[in-house]
């Protein structure tokens, strides 16, 4: 496993815990952190023992206080000493966007345990996660308009899908900080928990996945729900549903799922994401899905 300087990655009993770890900076985001999280997701995808990944922040104050805007923060676009004119230049690409696209493509379910303040990229990096929990005193903010910029990290795609267009517009146009309770009521987070119980709640969900489900089924389900809900016609979803049911119903996991159900025992699924994904995955590489 790689040596990380701004995150921690712990893997135990089928669950990976990724902790944003810049305690002196309220876990503020840098390009180094971006690279390390992407590397960690590469690791969890490649490790068939990992069944779910939990994200949280170090300490009692913040999940992530947004981008580190100080000069030592890693060459943020605000302070780029070598600006480029060609907007197709690779250097123009938003670091938060690079991160969330990697999270979007994760083959393992992602669970956010938001333990404190989450503003800017600290909020937007949680959008491609599959299940979001928060501490009761957490706070969120899509503060970009108050910094003279626009939403990043592909949040213009994710946020309206999660909370609806009206809420997304309000939060982004006002840039105000809002409570965990409002985040829950508007659909951004699943549930609120006392800070001391937050990780236990996240682990309980991860454990439910790890102990009872097929890794291949979960990876396919994640990809299907995120991608097919945005297609222009349900026929595209029907096409993938049909292929998936046809292939997976003939798998060793399907045989084990039926046998364990009939025998009233905990399943032991043999298939892995590394070796047994359906032959048409990833289907979005086909021209019709580009």
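Using only Cα atoms, what Kirkwood radius does the chain have, in angstroms? Before the final figure, lay out each step's value.
Working: mean 1/r = 0.0497 Å⁻¹.
Computed over the chain, the radius equals 20.1 Å.
With the cut-off at 1.5 for a/c, could you classify the range 64-211 from its C-alpha gyration tensor as rounded, prolate or oblate?
Prolate, since a/c reaches 1.5 and a/b exceeds b/c.
With contacts taken as Cα pairs under 8 Å at a separation of at least 6 residues, the chain carries a relative contact order of 15 percent. The alpha-carbon atoms of the range 3-127 define a convex hull whose volume equals 108 cubic angstrom per residue.
Here the peptides 115-128, 258-271 are ranked by packing, the mean other Cβ count within 10 Å, and the order with the highest first is 115-128, 258-271.
Compared with the alpha-carbon gap, the fully stretched path from residue 190 to residue 3 is longer by 64.1 nm at 0.36 nm per residue. Extending 7 Å from the Cα toward the beta-carbon at both residue 166 and residue 85 defines two label points whose distance is 4.6 nm. Summed over qualifying helices (DSSP H, 4 residues or more, each -39500 (n - 2.57)) and divided by its residue number, the chain shows a 222 nm mean residue ellipticity of -11500 deg cm²/dmol.
Once fully extended, how much extra length lies between residue 262 and residue 179, figured as 0.36 nm per residue of separation less the alpha-carbon to alpha-carbon distance?
Separation in residues times 0.36 nm, less the Cα-Cα distance, equals 25.3 nm.
Against the chain, whose longest principal axis is taken from its Cα atoms, helix 234-248 shows a tilt of about 50°. In the chain, the longest principal axis of the Cα atoms and the axis of helix 165-174 are about 30 degrees apart. With the simple model of a label 7 Å out from the Cα in the direction of the Cβ, residue 204 to residue 105 spans 3.5 nm. Computed from the C-beta positions of residue 245 and residue 48 and an R0 of 25 Å, the FRET efficiency is 0.60 to the nearest 0.05. Between 0 and 90 degrees, the angle of helix 95-104 with respect to the longest Cα principal axis of the chain falls at about 10 degrees. From the largest down, the range 214-289 spans 42, 23, 18 angstrom on the principal axes of its Cα atoms.
Coordinate-derived values only; no laboratory data. Predicted model, so just to flag it, every value in this text is computed and none were measured. All Cβ positions, even for glycine, are placed from backbone atoms using ideal geometry, and neighbour counts span all protein chains on display.
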